[in-house]
Structures are given as C-alpha cells and as structure tokens.
Amino acid sequence: MGDVLVTAPDAEHGYELLAQAGPLAAQVGGKVVYAALGDQAAQAKEFATRGAHRVLTCSDPALTPYQTEPYTEAYLQLIEKVKPSIVLIGATIRSKDAAARVATKLEVGCGCEIMNLRLDGGRLTGERVYFSGRSLATERLLKDPQIATVPARLVDAPAPQGAGGSVEAVALKLTPPKAKIVKREKKESGSVHLEDADIIVSAGRGIKKKEDLKLAEDLAAALGGQVGCTRPIAADLKWLGDAHWIGLSGHEVKPKAYIGLGVSGQIQHVAGMRSSKIIVAINKDEEAPLVKISDYAVVDDLYKVVPALVQAVKKARGQ
Amino acid sequence: MRIVPLVKQVVDVDQVKADADGNIQTQGVPFKISNYDKNGVEAAVRIKEKNPGTEIVALATGPNIKEGVKEVLAMGCDKAFVINSSEFKGSDTLASSRVIAAAIQKMGGADLIIGGEGSLDAYTGFLGPRLSMRLGIPIVTYAVGLEVQGNLAKVRSNVGGILEDFEVPLPCIVTVSEEINQPRLPALIQILQAGKKPTQEWKLSDVGLSADAVGEAGAGVKILKNQAPKMERKRVRIKGTPEEAAEQLVQALRKEGVF
C-alpha cells in the first residue's frame, strides 16, 4: 500500500512518467501524486489531466534552475508528506544526483535509468543498460520507498483527459545551496533541434576527419533529416556543436529512424537514442554494440556505403 | 590541501561476452582502472602542480587493486589506501558508499574528493552524490573544468548544452567527465617509482564496518540477471556490395514507412 510519487525536471518527461506510474499505482492500490516544482507549478492542471490524481506544487524561486541541494531537500520533504511506496524521478544528469542523495538519506536503493518498469514479486523491477551497452541488467528495488530514476522518451506522453485530479500548493523549507552557480550560459543551438527530427543521421568516431562529416550531412539532406553525433565528435573534437550531441549529457531523441555512421554505441550515446523506432548501423566493426541493437546493420566501410546510400535514397525519392 | 581521487578497478567491459544462454560472463576478463577515474586523477595532479604542498591520496577499490593502484600512483598520486572489493562484493552504491565514506573518515577526511562521472561497468554516477550526503559536503558532477583557489573549488559543468559555473567551498566532491583533460601516460621512471610509494591495504573491519553493512545484505538494489540485450530489434544484417546494401536498406526503410 502506498502512493506513487512522480516528478521530473522537464514537463514532457513528467507526462511520460505519469503514463508509466498509472499501472504501478493501480497495482499497489495507491494514487499517482505528481510534484510540479519550480516553473512547472504554473501548469499544474496539465499534470492533473494526464494521469495525476493529485498534484502538489511549489514555485519557490530556489527551485529554478534545477540545483542538486534544494531539490534534495524538496524531494525529501515531499516523500515525508506523501509517504509513497514508489518514487519515480525523471532521469537527467542533475536529477540523478538529487535522487541518489535522497536515497542515501533514507538508506534505500536507487534505480538508475530504469526501463520497462513493473512490479515483480511485489517489488519495483526493471532493466538498465550495463557494461557500456553490452548487457541489460534486471534490477529490483529492495527497500521502501522504492526510488527509481527513469529516462525520457521511453513511452509517449498521454493526451489530456477529463477534469483531472486535485491541485494543492505546498510550502517547502529550502536552504541556499553551498555549491553556488555563479554563471549559467546556454550554448547557441541555431536551427538544429534534434528532438523534433523524424530522421537522424548520427556521426561517430568511424568518421575520420571533420570534412568527412559531409557524408552525414549529405545523407541527412537526402532523407530530409538532421545530423546528430556522439560525445567525442561534439565534446572532444568539437567538430559539431552541443545541439547535435545525442546522449545522456546531450539530447535524448526518439526519431522514426536513427542511422548511425561509424557509431560504436557507447552507453552514454545509446541512452539518448535507444527508443528510436528504427535503428540502422553502418559500421565495419560487427562487434560494435550499436550493430547488436540495430534493426538493420550494414557491416562495411561507411566511406563506401554512405555515398551509395545517398544515391539510392535520391533515386527512390525522385530527387 | 589533501585531494582524494576515487579509483575503481573494473572488468574491461570491451571484453565481456555472453554465454549461450545470453548471460554475461566476466570470469577471466582482465581488469582495468575505470577510464573516468583517470581523468579524476589527472585533475588532481594538475591542481597539485599549481598548489604546492598539496597531498594526493588515492582511495582505490577493485578485485586486484594492490597491483592496479600502481597505475595512478605513477600518474602522480603520493600514496594510496586500497580496499579489495571482494570484501564487499554484491554491493550497490548504497552499500559501497558506506565503505568509501568510512574509509575517508578513517584517513582523516579530505579537502577535495574527485571521482569519475560514473564507472565503466555500472555507470550509475550515484557514488559521488551518495558520498556527498554521507559526508555532509556539497557536490558538483560532470565537471569539464576544475580549479582550486584558496578555499573554493571553481567548477564548470556541461549540462546538455548549458554551461554552469560553480563556486563550491571546500571540503567538497567533484565528479569529472572525460572532456576535462587527457590523462597523462606515466614515464617508465614514474612507473618504477610507483611501486615504492606508500600503499596501505584496509580490511572492512579496519574502517569500522561489519559484513552486513555491505554486499547483498547491505544493498538496496539487487541485480537479478545481467544478459546480452535480447532484441525486440530486428537485427537484419544487410549484405552485398555497397551499392547492393544501399539499395536493400532503402527498400527496408521504405517498408518501415520512414519515407
């Protein structure tokens, strides 16, 4: 017995978690309670009509932008108030810190980016990526409350429905964080918006030099898609900006088709694209993890395959 | 100032294989220092280069860590405390954070604890945040820049296209991303000297923990199985010349309704 407390730093992510929380709450015989914190407090009704029986709001300015210390306090106080048996937190690289800290204070486990959430043997259970994408671990939460962080874009967000649940403002006692943000700067993303792309052609380290990114650009152009990339291409080599970076620290995407060019499939990257409808790998290494999680794989030299593919796509589309 | 890099020795994930039933086998797979932890050691050594008088004390765990720790000693750590991880096998981060926190207290604390953003094997990124809670000190994760000025750590962190610059009073914990630096390759002389640097091995009892605080008894998460991903994916291998493969791929994408 107990409620399912749900919260996420991003509203869309929160809707997706509500879809996953509903069946869990029904099984444990509890309610779905959503915590709409910071900017989300103003759109509480959006959560109430997407599956939350009860929405708790707090618009304390200490909650914007997301910082680990105040959110640790907020989550702990919400757990104290709701006394949930399950807590689902939308996984981002910051919220994972707060989730782990909350779990430590409560001396319980914390599920890391759990997929396929379910109750098994009465306990919260699910899968997570392990060994840099080479395996999937099935994990079970052993202690109450059962806390799990959950990735974005695993499921579709539910459409709003009916009058929805109740909304209630709560006061949280938040102290100023010791780790102070002295500067916060959004990097320019230009016209690239990977989250909206139906087709993404992703460049990995199999692309040997910056000029060869043209292969990815040509294929994306022929398909009417956008160019994404892995962490080394964006972060280490800086051949492309962060707007193109797919992965845990970059953008999480769910296109109709993801085509990886020389992408090995390291865990951080796969975390950002595993929900793509179709995954295509073009890579000469057949042991590459991405080849093993692909729908279609061409195990060959991308420098030969991609130009042929561009021609074939153009022909097929009558270009 | 005392800097404590956290170092974890893991199985080389590139060499793990699934058996016929799909279960991941790690037996006989060689060990290596988790790569992000080397970025952490490098960050510590660079801070020491700018701040004379700094002491770098590695806290290292792993199945064969007495040997493995020499690599980070050669990179520039002054000494090391090691705990063989077979003592807390089956631990999740709830349990392993008890071990690391107790060891840090036993060594008399640290001004700056540096970890990797995650470990190569499990990659939760939870150990740093859990330690910060146990030790009651602030944390910044996924650092791409780190300096110490006086009593402040200045940390730059990249959060998916947003750069955040932090000022954090010491003592604190910082976990680093691989973009922060290129870990040095020690010279032969440093490798030879590493074996002579003080290394002390602790048992769980040395840090005041009993067996039921760690391992499966102390864990909050249990791994039921660890298997090669079973494919809901189609796993079609397209063969032929590049032109033939391209043609087949276009047909497949059409059939899938991609275009």
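Any read-out appearing in this document is the output of simple, stated calculations on the displayed coordinates, not a laboratory observation. Keep in mind that this is a model prediction, so the values were computed, not measured. Ideal geometry is used to build each Cβ from the backbone, glycine not excepted, and the neighbour counts take in all protein chains shown.
Straight Cα distances below 27 angstrom link A:Lys180 to the lysines A:Lys96, A:Lys105, B:Lys38, B:Lys48, B:Lys50, B:Lys154, with same-chain residues fewer than 8 positions distant left out. With all projection directions averaged, the alpha carbon convex hull of the range A:4-169 covers 9.0 nm².
Which residues does the label zone of B:Asn64 cover in the range B:18-37, counting backbone N under 18 Å from a point 7 Å along Cα→Cβ? The answer is B:25-35. Put a plus charge on the Cβ of each Lys and Arg, a minus charge on the Cβ of each Asp and Glu, and nothing anywhere else: the dipole of chain A about its Cα centre is then about 240 debye. The separation of the range B:139-171 from the range B:82-117, counted between C-alpha centres, amounts to 22 Å.
Taking only C-alpha pairs under 8 Å that are 6+ residues apart, what is the relative contact order of chain B in percent? Relative contact order comes out at 24 percent.
Between the helical axis of B:35-50 and the longest alpha-carbon principal axis of chain B there is an angle of about 40 degrees. Mean-square fluctuations from a GNM of chain A, with a 10 angstrom spring cutoff on Cα atoms, peak among A:Gly260, A:Gly38, A:Gly121 at A:Gly121. Modelled label positions at B:Gln193 and A:Arg123, each set 7 Å beyond Cα in the direction of Cβ, lie 4.9 nm from each other. Each label was represented as a point 7 Å from its Cα along the Cα-to-Cβ direction; for B:Leu163 and A:Gln161 these points are 4.6 nm apart. Between the residues B:Ser34, A:Thr64, B:Asn64, the greatest Cα displacement towards the positive end of the dipole of the protein assembly as shown, with unit charges on the Cβ of Lys, Arg, Asp and Glu, is found for B:Asn64.
What is the average number of partner chain Cβ atoms found within 10 Å of a Cβ in B:5-15?
Neighbouring Cβ atoms belonging to other protein chains average 2 per residue here.
Residues whose amide H comes within less than 5 Å of that of B:Gly145, counting only those at least five positions distant or on another chain, are B:Arg156 (H built at 1.01 Å from N in the peptide plane). Pairing the Cα long axis of helix B:93-106 with the longest principal axis of chain B, what angle in degrees results, from 0 to 90 and rounded to the nearest 10? With rounding to tens, the tilt is 20 degrees.
Scaled against the 2.2 N^0.38 Å expected of a compact globular protein of N residues, the Cα radius of gyration of the range B:99-145 reads 1.15. Each helix, a run of at least 4 DSSP H residues, gives -39500 (n - 2.57); summed and divided by the residues of chain A, these come to -8000 deg cm²/dmol at 222 nm. Taking the Kirkwood radius as Rh and the Cα radius of gyration as Rg, chain A has a ratio of Rg/Rh equal to 1.01. A Förster radius of 41 Å, combined with the Cβ-Cβ distance separating B:Ile223 from A:Gln319, puts the computed FRET efficiency at roughly 0.25.
For a bin width of 20 Å, list the pair-distance distribution of the protein assembly as shown built from all Cα-Cα distances, rounded to whole %. For the protein assembly as shown, the pair-distance distribution reads 21, 54, 25, 1. Cβ-Cβ distance of B:Ala18 and A:Lys277, R₀ of 35 Å, FRET efficiency by 1/(1 + (r/R0)^6): the value works out to about 0.85.
Only counting other Cβ atoms within 10 Å, I'd like A:Ile246, A:Ile86 sorted with the fewest neighbours first.
Final ranking by Cβ density, sparse to dense: A:Ile86, A:Ile246.
Near A:Arg317, no amide H atom lies under 5 Å from its own; only residues 5 or more places off or on other chains count, and H is placed 1.01 Å from N. Here is how the number arises for chain B: DSSP H runs of 4 or more residues each give -39500 (n - 2.57), the sum is divided by the residue count, and the result at 222 nm is -8000 deg cm²/dmol. Considering only B:Ala101, B:Ala80, B:Ala20, give the residue with the highest GNM mean-square fluctuation for chain B, with springs between Cα atoms whenever their separation is below 10 Å. Of B:Ala101, B:Ala80, B:Ala20, the Gaussian network model singles out B:Ala20 as fluctuating most. Between the amide H of A:Gly111 and those of A:Ile147, A:Ala148, A:Thr149, distances stay under 5 Å, these residues lying 5 or more places away or on another chain, with hydrogens modeled in the peptide plane. Normalised Debye scattering of chain B at q = 0.08, 0.14, 0.16 Å⁻¹ gives log10 I(q)/I(0) of -0.39, -0.95, -1.17, counting only Cα atoms as equal scatterers and leaving out solvent. Kirkwood Rh, the range B:133-259, all Cα pairs: how many Å? Result for the range B:133-259 stands at 21.6 Å. The distance between label points at A:Glu80 and A:Asp301 comes to 6.5 nm (points 7 Å beyond Cα on the Cα→Cβ vector). Comparing A:Gly109, A:Gly133, A:Gly224 in a Gaussian network model of chain A, where Cα atoms under 10 Å apart are tied by springs, the biggest mean-square fluctuation is seen for A:Gly224. With coordinates expressed along the principal axes, the C-alpha atoms belonging to the range A:194-316 extend over 36, 27, 26 Å, beginning with the largest.
Against chain A, whose longest principal axis comes from its Cα atoms, helix A:11-28 is set at around 60 degrees.
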